[in-house]
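**Student:** Below is one structure. I have some questions about it.
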Ligand SMILES: Cc1cc2nc3c(=O)[nH]c(=O)nc-3n(C[C@H](O)[C@H](O)[C@H](O)COP(=O)(O)OP(=O)(O)OC[C@H]3O[C@@H](n4cnc5c(N)ncnc54)[C@H](O)[C@@H]3O)c2cc1C
């Protein structure tokens, strides 16, 4: 079975975000970028399926600027066999990304597609579900366990009330949650080897997909700052403040 | 303008979130219908009919919608969406699971997690773990939107809208429900609680979370956790508060043994009053806390419980 994993280049999760002075967007100049953490979990899961002999090939795909090839090389170093880069400098929103991924699914015919549940930049949480709808494949979002069982996959999902397990026919689309696995770090020899693995470069036009969206970003602002509070010296003082100052007890 | 709100269900009953989503819909204006889909959901439909501002409740009561599996739910929404200019759901796991399917099948973008309505086509939403607030405008014919419930005060329940059956039945051979393991608790839901007390890695283990129980009992609080506490197996995933867990905005949030990473703050920094208990007086959580208490939680929690 072939496994397709989608990865996204995003700001490193440790970086503190600044908004541009003209409020047009956040400022990403000279900011450290990385693979979206949920995509790391997706890559890890695909590689583990290969190590278990369930997957025969792992293909990583990204949509983004030239620099996003760094994240594909990371995926290759972590164990993906080859990569596809659909290069665009436009701001590709979830729908356009899902349309492009649907074309790749059509071409590659994977048995399983694994994506992160959300990207930590836009926090959209949409692409996997959109891809499932466009390809007419079943979906299991927010996965904390994935078990392939013949022509089905059993997925345990993290939902608001707890955990839910569902069974899907294969091929299927899975999006990862935090507890699915703990991603490994790439080792230096693997990073060197990854440089020689195949990486195809395409454009959205090759797939006949229009990247522009009908949603425009009008403005980006900093959120209202919380005023720093006070330190209290004791439990008694805390209770007193909560009762008499904040009036929440 | 006409808006369809997909109701949130919790074990077959109407969940509190729906009243907040209806509030967001009211800010957009127009007729508001609520769709209740599931199996054996008449009680939820009756509750939805009472929500202020609702014109009509539509009920799709059929086994194929049990557990709100994504494929049949998406197909149902696609079948109904032509009657509407907006389709809304709460940004809870069900809405997140289902709504993007509708958007994709209607070839429109989805706007996730809105916290404000500027006009019927322009919305505010947090991005980058709430480090920035984006104002976005949609020119799509159909607006598909998930709503962050903490952004909108719930509507009241003094209405009496008519209820009508939806007879659309879709086929689903792709996915099936196997089982679920739902948290059983007498405490209020995290999302709707007036007081939340959360524990982090500093709690040390799951057993020590009992130290929060007595305080939660006295305050009528829900109990939450940081990702580190969930990852370490102290408590289940449904307790995680944060960017990628639950978003809460209670009157009082008490963070115990939590450092205050941006991803955690994203889920609680709109709380009215924040208290932090941490032994590290430089922990970032103190930068957002109204009241900070520096010290060992194992001494402070029993004292707090006894003095409340
Ligand atoms: C993609 C992604 C998504 C994430 N999503 C979330 C999310 O939704 N929610 C979330 O919470 N995190 C999330 N995180 C994780 C986040 O970055 C932090 O790692 C996490 O919040 C840390 O949890 P913590 O504060 O409990 O642990 P730590 O950072 O380890 O802090 C423990 C704190 O306990 C204090 N302490 C220890 N012992 C005691 C004691 N005896 N008495 C008093 N204080 C004590 C310490 O001083 C310390 O401040 C996410 C991270 C990533 C990369």
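**Student:** Per-residue Cβ counts within 10 Å, from other chains only, averaged over A:11-20: what number is that? Provide the component values of the computation, followed by the final result.
**Tutor:** Numbers: counts 2, 0, 6, 2, 3, 3, 7, 2, 5, 1.
Taking the mean over all residues of the peptide, I get 3.
**Student:** State the antiparallel share, in %, of DSSP beta bridges confined to the protein assembly as shown, rounding to the nearest 5.
**Tutor:** The antiparallel fraction comes to roughly 35 percent.
**Student:** Which of B:83, B:186 has the fewest other C-beta atoms within 10 Å, and how do the rest follow up to the most?
**Tutor:** Numbers: B:83 12, B:186 5.
The fewest-first ordering by Cβ neighbours comes to B:186, B:83.
**Student:** What is the mean number of Cβ atoms from other protein chains located within 10 Å of the Cβ atom of each residue in peptide B:240-247, rounded to a whole number?
**Tutor:** Mean inter-chain Cβ contacts per residue within 10 Å come to 3.
**Student:** Taking only Cα atoms, what is the 0 to 90° angle, nearest 10, from helix A:69-78's long axis to the longest principal axis of chain A?
**Tutor:** 80
**Student:** Measuring from centroid to centroid over Cα atoms, what is the spacing of the stretch B:238-294 and the stretch B:108-155 in Å?
**Tutor:** About 24 Å separates the Cα centre of the stretch B:238-294 from the one of the stretch B:108-155.
**Student:** Given the rule -39500 (n - 2.57) for each run of at least 4 DSSP H residues, summed and divided by the residues of chain A, what is its mean residue ellipticity at 222 nm, to the nearest 500 deg cm²/dmol?
**Tutor:** Numbers: 6 runs with 62 residues, N = 249.
Per the formula, -7500 deg cm²/dmol.
**Student:** Enter the mean number of other protein chain beta carbons within 10 Å of the beta carbon of each residue in A:229-242, as an integer.
**Tutor:** Neighbouring Cβ atoms belonging to other protein chains average 6 per residue here.
**Student:** Nearest 5 is fine: what % of DSSP beta bridges in chain B come out antiparallel, could you say? Write down the numbers at each step before the final one.
**Tutor:** Values: 11 of 56 bridges.
Bridges in chain B are about 20 percent antiparallel.
**Student:** Say we join alpha carbon atoms closer than 10 Å with springs in a Gaussian network model of chain A; which of A:99, A:231, A:196 then has the biggest fluctuation?
**Tutor:** Among A:99, A:231, A:196, the largest mean-square fluctuation in the Gaussian network model of chain A belongs to A:231.
**Student:** Sticking with this one: Could you work out how far helix A:94-108 tilts from the main Cα principal axis of chain A, as a 0 to 90 degree angle to the nearest 10?
**Tutor:** Compared with the principal axis, the helix lies near 20 degrees.
**Student:** Moving on to the next point. When the helices in chain B are scored as -39500 (n - 2.57) per DSSP H run of 4 or longer and the sum is shared across all residues, what 222 nm value do you end up with, to the nearest 500 deg cm²/dmol?
**Tutor:** -7000 deg cm²/dmol
**Student:** Let me ask you something else. Using a Gaussian network model of chain A with C-alpha springs under 10 Å, which one of A:44, A:108, A:57 is most mobile by mean-square fluctuation?
**Tutor:** So, out of A:44, A:108, A:57, the one fluctuating most is A:108.
**Student:** A follow-up question, please. Would you work out the relative contact order for chain A, in percent, from Cα pairs under 8 angstrom that are 6 or more residues apart?
**Tutor:** 23
**Student:** Now for a separate question. How many angstrom separate the Cα center of the stretch A:130-165 from the Cα center of the stretch A:218-249?
**Tutor:** Taking the Cα centre of the stretch A:218-249 as reference, the centre of the stretch A:130-165 is 41 Å away.
**Student:** A further question follows. What residue among A:167, A:21, A:233 shows peak mean-square fluctuation when chain A is described by a Gaussian network model with Cα springs under 10 Å?
**Tutor:** Highest fluctuation among the options: A:233.
**Student:** What list do you get for B:111, B:258, A:239 if you sort them by fewest beta carbons within 10 Å?
**Tutor:** Ranking B:111, B:258, A:239 by Cβ neighbours within 10 Å, fewest first, gives A:239, B:111, B:258.
**Student:** When only C-alpha pairs under 8 Å and at least 6 residues apart count, what is the relative contact order of chain B, in percent?
**Tutor:** Relative contact order comes out at 15 percent.
**Student:** Arrange the following residues from fewest to most other Cβ atoms within 10 Å of their Cβ: B:108, A:31.
**Tutor:** By the 10 Å Cβ count, ascending, the order reads A:31, B:108.
**Student:** Pairing the Cα long axis of helix B:93-105 with the longest principal axis of chain B, what angle in degrees results, from 0 to 90 and rounded to the nearest 10?
**Tutor:** The two axes meet at around 40 degrees.
**Student:** Give the separation of the Cα centroids, the stretch B:54-91 to the stretch A:46-98, in Å.
**Tutor:** Here the answer is 34 Å between Cα centres.
**Student:** What does DSSP give for the stretch B:2-165 in terms of the percent of beta bridges that are antiparallel, rounded to the nearest 5?
**Tutor:** Of all bridge pairs located within the stretch B:2-165, approximately 30 percent are antiparallel.
**Student:** Can you tell me, using C-alpha contacts under 8 Å and at least 6 residues apart, the relative contact order of the stretch B:190-307 as a whole percent? List each step's numbers first, then the result.
**Tutor:** Numbers: 256 pairs, mean separation 28.9, N = 118.
After rounding, I find 24 percent.
Every number in this text was worked out from the coordinates using simple rules, so none of it is lab data. Fair warning: this is a prediction, and the values are worked out from it, not measured in the lab. Please note: Cβ atoms are built from the backbone with ideal geometry, for glycine as well, and neighbour counts cover all protein chains shown.
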